[in-house]
1. If each Cα of the chain is one equal point scatterer, what is log10 of I(q)/I(0) from the Debye formula at q = 0.08, 0.09, 0.18 Å⁻¹?
2. What dipole magnitude, in Debye to the nearest 20, does region 3-182 give about its Cα centre under +1 on Lys/Arg Cβ and -1 on Asp/Glu Cβ?
3. Go from 0 up to the bin containing the longest alpha carbon distance in region 120-159, width 10 Å each, and give me the % of pairs per bin.
4. Kindly write out, for region 73-78 in residue order, the coupling ³J(HN,Hα) from the Karplus curve 6.51 cos²θ - 1.76 cosθ + 1.60 (θ = phi - 60°), rounded to whole Hz, with x marking Gly and Pro.
5. Which ³J(HN,Hα) values in Hz, rounded to whole numbers, follow from the phi angles of region 106-114 under the Karplus curve 6.51 cos²θ - 1.76 cosθ + 1.60, where θ = phi - 60° and Gly and Pro get x?
6. Just to be sure I understand the model, the point goes 7 Å from the Cα along the line to the Cβ. What's the resulting residue 11 to residue 172 distance in nm?
7. If we sort 63-74, 90-101 on the protection proxy, mean other Cβ atoms within 10 Å, highest first, what's the order?
Amino acid sequence: MDIQKSIEAYQPYNEQEERDKAIMLALLDTQPDLFTRENQVAHMTASAWLLNRTHDKVLMIYHNIYHSWSWTGGHADGDRDLLAVAKREAMEETGVTDIRAVSEEIFSLEILTVDGHEKRGVYVPSHLHLNVTYLLEADEAEVLRVKPDENSGVRWFSFGDALDACTEPWMIERIYRKLNEKLGGGSRKIEAGKGERQ
């Protein structure tokens with residue numbers, strides 16, 4: 001299914017997702033180049049809440065730009081298959097190679113603000129990430145490795161410890177806590193192919 005249709009069909013979990021979904025769809029209808037970084041105001045990104053096989057831990061990276069432990073993810077860069085983007089970014093940023101989708105359905109939607117920053121010696125203006133999140137899983141036994149140009153740590157955390165490790169209050173309260181809630185606090189195993197909607 002086309003990503004715009006998937007977003008249209010997605011049932012928001014809370015008010016944040018409901019409002020962000022409406023803005024995303026309005027931008028998809030009116031803004032050019034949302035799937036590339038050519039649109040410097042807003043562009044599509046994909047993230048992963050990357051669980052271990054027993055669904056009681058999440059794999060996070062220490063992000064060099066945000067100076068915080070965070071989920072994996074990145075820019076669409078022209079690819080409209082955002083699930084593939086989420087998988088690719090998770091592999092690149094953690095070194096894990098065997099990653100699969102718990103569900104191919106969207107797990108979460110959010111619009112994220114990105115402050116202006118330097119990347120590879122070039123100034124990137126402040127902008128919005130129109131983000132689609134997927135629930136993925138990987139083998140906790142796989143060897144982890146950092147991607148030095150983007151992160152300086154890769155580590156498995158319990159759901160509670162992931163919130164404690166993050167230093168971005170908005171991400172903790174609005175995003176990561178929500179993702180954990182959607183998993184029932186992380187204590188319930190999610191069946192493959194069945195997205196959890198509450």
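Every read-out reported here was derived from the displayed coordinates using simple, explicitly stated rules and does not represent laboratory data. Please read these numbers as outputs of a predicted model, since none were measured by experiment. A quick note on method: Cβ atoms are made from the backbone with ideal geometry, for glycine too, and the neighbour counts reach across all protein chains shown.
1. -0.24, -0.30, -1.36
2. Here the size comes out at about 100 debye.
3. Taking all Cα pairs of region 120-159, the binned fractions are 17, 34, 36, 13 percent.
4. Result, ordered by residue: x, x, 6, 5, 6, x Hz.
5. Rounded to whole hertz, the list is 4, 9, 6, 10, 6, 9, 10, 8, 10.
6. Label at residue 11, label at residue 172, 3.2 nm between them.
7. The packing order, highest mean first, is 63-74, 90-101.
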